[in-house]
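Written out below as structure tokens is the structure these notes cover.
The values are calculated or read from the model by the stated rules, or taken from the named source; none is laboratory data. Given the structure is predicted, the values throughout are model-derived calculations rather than measurements. Note: ideal-geometry Cβ built from the backbone for every residue, glycine included; neighbour counts use all protein chains shown. Note: accessible area is taken over every heavy atom of the protein model, side chains too, but ligands, DNA and RNA are not part of it. Shrake-Rupley method; radii C 1.70, N 1.55, O 1.52, S 1.80 Å.
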Amino acid sequence: MAFPKNFLWGGAVAANQYEGGYLDGGKGLSVPDMLLGGDVNTPRTFCPKIETGVFYPSHTAIDFYHRWKEDIALFAEMGFKCFRFSISWARIFPNGDDAQPNEAGLKFYEDIIDECRRCGIEPLITLNHYELPFELVKKYRGYFDRKVIDLFVKYATTCFERFKDKVKYWLTFNEINMTLMSPTVGNLYSVGIIQDEDLNRTAPCKFSELKDNPQQRIEGLHNQFVASAKAVKAGHKINPNFKIGNMICHVTRYPLTPNPKDMLETQRADHLFNDLCGDVQVRGAYPFFAKKFYRDMGIDTAFMDNEDDKKILREGTVDFYTFSYYMSNCVTVDETADKINDSMLGGAKNPYLKASDWGWQIDPDGLRWTLNKLASRYPDTPIMVVENGFGAFDKVEADGSIHDDYRIRYFREHIKAMGEAVEDGVPLIGYTTWGCIDCVSAGTGQYAKRYGFIYVNRHDDGTGDFSRSRKDSFFWYKKVIASNGADLS
Ligand code: BGP
């Protein structure tokens, strides 16, 4: 299998899902700090203020904050060439709009970056991975307020300046298209738009009960595009060798039947959910179909005609395209079709595919299809898969071993599919598996939904001593990396 030389093999995590230490070193509150856990059938709970006597998974997460050296050593032992992690904005600017950055926060990331470099691991940093300082939500209503554009650029520039000689690869916003795909996840994690009536609640409420204002949400997304483009431009000025990418959650969609109406509906969903954001960030302008989609949603699209913004979008296109890929699903106009059990992502069941315990359908061929699609949609743009993985319940045997052959199977098939895509000619530059070490699930807030090669002894009731152990997949991935993807046995 011909993976290019210098292929970036590694793993990925996000600050709020693995760091813990939620107030350590002067960090301010982030939106995920206000969330309790749920499960596959129970949405997470939002608390407008921190309650006592309840368990917030992100507050301790997996305690990377205190164990980073041990964890990076484990990544190095697997032979990682690349480690994707995010910086928590609230560690650098605790309120989001502070005049001066917090040195303790910058130093924390600098130590991690230095340790990665020392171990020969290339850092890939996401600036905004599903968390906004909570103060920005309360004070500005997140990205709905254009002031937050410049606050983001200031935060990004602070990181670029500090790490300009140590970090080459950056991503602006994680899964920026989630704001279109799932209003709740988008509002909370991405654009940070929570209405006053929800912020003023006296009791916690279900994630899914939070009010959505589509006009504000879509304008918030537009403001993120502008923020991303401005950051790309600023970054290139600071170091012309920076490679700054976008990040899309690509849920690949097939028509459930050959009914032309299913075909049309699939194309519509693909355009809106998968393509729109990538087009803006890679091509530098909204695609032809965007206005009609938005108008059909009842959105006033005047914000799209701002000439200054158009110029910024043109000037701040990304250097590479990255995406997460976990699953595919089907689209149909038949309302009686069997739905997958994931209210956030929707879609119909594919009779040819099996699913995880969380209803995510496993489709390695879909990854090859997607890579080919992206390579033709964005010619000459390097591509990287920055999330892919299998969330599963793991069982620890009496002797401490963990036989996660289901995870190995998942990765084997997906890596094989990537290899085939490379042979097809796709300019793929790297692969970081999601949750290379067990961490808190973004969707459900569970520890029990485990993705890692490394097991973390921490559980949904808040018990566990955080100790780490190697699963079977740890040794398997090590072999894959050592053989540059040739040995998948
Ligand atoms: C992506 C997010 C990650 C991650 C992953 C798995 O959408 O970028 O943060 O968590 O999905 O999802 P989950 O944690 O819900 O299983």
Search the range 422-436 for residues being more than 18 Å from the chain's Cα centre (by Cα) and assigned to a loop (DSSP other than H, G, I, E, B), and hand back the single one that is farthest from Phe83 (Cα to Cα).
-> Gly425
If you check Val396 against the conditions, is it open to solvent by 50 Å² or more (accessible area, probe 1.4 Å) and either modelled with pLDDT under 95 or more than 16 Å from the ligand (Cβ to nearest atom) (or both)?
-> yes
What number of residues in the range 146-173 are open to solvent by 20 Å² or more (accessible area, probe 1.4 Å) and of a type in the set (A, V, I, L, M, F, W, C)?
-> 2
Return a yes/no flag: does the range 22-37 have any residue that is open to solvent by less than 20 Å² (accessible area, probe 1.4 Å), at positive phi, touching a residue at least 24 places away in the same chain (Cβ under 8 Å) and out of contact with any strand residue (DSSP E or B) (no Cβ under 8 Å at 6 or more places or on another chain).
-> no
Can you work out which of the residues in the range 437-464 that are among the basic types (Lys, Arg) and part of a loop (DSSP other than H, G, I, E, B) is surrounded by the most Cβ atoms within 10 Å (Cβ to Cβ)?
-> Lys449
Of the candidates Ser483, Ser467, Ser473, Ser489, the one satisfying the condition of being away from the ligand (no atom under 16 Å from the Cβ) and either closer than 19 Å to Ser356 by Cβ or buried (at least 18 other Cβ atoms within 10 Å of the Cβ) (or both) is Ser473
Positions within the range 54-98 being open to solvent by 20 Å² or more (accessible area, probe 1.4 Å) and either under 10 Å from Tyr18 (Cα atoms) or not in a loop (DSSP other than H, G, I, E, B) (or both), in sequence order | His59, Thr60, Asp63, Tyr65, His66, Arg67, Trp68, Lys69, Glu70, Ala73, Ala76, Glu77
Starting from the range 349-364, take each residue that is under 19 Å from Lys449 (Cα atoms) and open to solvent by less than 20 Å² (accessible area, probe 1.4 Å) and list its partners that are aromatic (Phe, Trp, Tyr) and within 14 Å of the ligand (Cβ to nearest atom), counting only C-beta distances under 7 angstrom and pairs at least six apart or across chains.
-> Ser356/Phe390
Among (1) of a type outside the set (Lys, Arg); (2) part of a helix (DSSP H, G or I); (3) surrounded by 24 or more Cβ atoms within 10 Å (Cβ to Cβ); (4) within 14 Å of the ligand (Cβ to nearest atom), Tyr143 falls short only on (4)
The one condition Gly11 fails out of (1) touching a residue at least 60 places away in the same chain (Cβ under 8 Å); (2) surrounded by fewer than 24 Cβ atoms within 10 Å (Cβ to Cβ); (3) within 30 Å of Gly419 (Cβ to Cβ) is (2)
